[in-house]
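Notes follow the structure.
What follows is calculated from the coordinates using simple rules that are stated; it is not laboratory data. Quick caveat: nothing in here was measured; it's all calculated off a predicted structure. We place every Cβ from the backbone using ideal geometry, glycine too, and count neighbours over all the protein chains shown.
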Amino acid sequence: MSTEAEQTHIPRVPPPRPAHPPHTAPPPRPAAAPGSAARAAPPVDPDTPILGVPLRTPRANPGAGAGISRARPTGLPPRPTTAPPAAPRPATAPAAAPPPAAPAPRGPQPAGFGPWRRPEPAPAFDPYDSTGPRDTTGPRGTAGRRSPGRVAAAAVCLVLGLGLLGGAAAGSWLTGDSSPRPAAGDGYARARTAWHSVPVDDLFPRTLRGHGPGGADRTWTRIAVAPDSSCGGAFDPLLAKALSPVGCKRLLRATYTDATSTSVTTVGLLVAKAGPGAMRGLSERFATEGLGERADLMPRPYAAKGTAAADFGDAQRASWRIKVLTDAPAVVYTVTGFADGRKVTAPQPAGEATRRGATTAPAQAGLGHDARGIADEIERAFHRALAKTGAPR
């Protein structure tokens, strides 16, 4: 019995524990319930590629705490936190070339517009080319060719130019005037000899028309033509002296009477020897010194025998006019009087006798209008005669 009791009260000794228990994997965590705030992120393998670019060994951030390192891909901008991640591209696809940098903006940019870019030049356009814009890559700014429209336009211009030149040459040949227009001196030389070929009726028309006092119509009829002569005895001595600077090549004269044969008028055309300069100087002197209005510088009449002017002498002179031409070597003058031979004690120049309100005898009889009207008509006839002979005015 003692043996049996000893065996009953022997304590049990537990088996010895190992120094290090065997490594066992931790039990899996239960799945999070739906709607939970956060999920446990799986561990990231440093060698796993992100967006097709393998990560390099992360470097420690000196500003972070000890034992903490942040790693990001080299050469890529940080991923935005709010934008969704871009779709991954294949790891083997080559990286796309970066877009060209936009030029720096010049000047202020209007709101709402992108960066400023220099506008591209518009293609050259030929208005004569119907094919559209021409190529500007060839020599001389074109593709080395001329458009058909431009060639046609040039040809038309050439034909028109040749036609104008030919027409001008033909006109000169038909009119017999192939020489250039003569100078003023040459025109004066031709005008001095033109009177030889001018008919008398062209230089001194048989009938002249004009206006008398109050604008009344007047008609003058030619009653005598003097033979061409020198200027000796045709002027008062002082007038002859005043006209001497231009000389006297020839003197042409004629006498007219009015419709009632009450007044007579002698008109004269002095062909001078001087040139344009001397004629202009004499005209200015007559205008500035009033030589044409002095009673001691009057022309003398041509009293043709057997006509209404037979008694027309120096004492019967009542009004006169003298005009020195500058476009031709000539002096046109007139002198008027009464046909009945009455004497005039106070002659009056045509400029004064034609004034409104003049009450002198020459003015009342219209002799000033006769002197001025006939002088104007003969001047115009002289210019017409020069035009017929080809002598320039």
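With Cα atoms as the point set, segment 315-393 shows a radius of gyration and Dmax of 14.8, 45 Å.
Size estimate for segment 187-389 follows the Kirkwood approach: the inverse of mean 1/r over distinct Cα pairs works out to 16.8 Å. Here's the list of lysines a cross-link from Lys343 could span, going by alpha-carbon distance under 30 Å and ignoring same-chain residues fewer than 8 apart: Lys241, Lys305, Lys323. Roughly how many whole Å is it from the C-alpha centroid of segment 212-269 to that of segment 299-346? Value for the Cα centre distance between the two parts: 5 Å. Database remark: amide H of Ser319 closer than 5 angstrom to the amide H of Thr336, Gln348 (H placed geometrically; neighbours at sequence offset of 5 or more, or on other chains; Pro and chain starts carry no H). Which whole number in µm²/s is D for segment 285-355 by Stokes-Einstein, with the Kirkwood Rh taken over Cα pairs at 25 °C and 0.890 mPa s? It comes out at roughly 187 µm²/s.
Count neighbours as other Cβ atoms within 10 Å of each site's Cβ, and list the trypsin sites (Lys or Arg not before Pro) in segment 289-334 that are DSSP loop with at most 13 such neighbours. Each step should come with its number before you reach the end.
Details: sites: Arg294, Lys305, Arg317, Arg321, Lys323; in loops: Arg294, Lys305.
Of the trypsin sites (Lys or Arg not before Pro), the ones in loops of segment 289-334 whose Cβ has at most 13 other Cβ atoms within 10 Å are Lys305.
Between Arg206 and Glu352, full extension at 0.36 nm per residue minus the direct alpha carbon distance yields a gain of 49.8 nm. Placing pseudo-labels 7 Å out from each Cα toward the beta carbon at Thr359 and Ala226 gives an inter-label distance of 3.6 nm. Debye calculation, C-alpha points only, no solvent: report log10 I(q)/I(0) for segment 337-379 at q = 0.33 Å⁻¹, in the same order as the q values. Listed by q, the Debye log ratios stand at -1.18.
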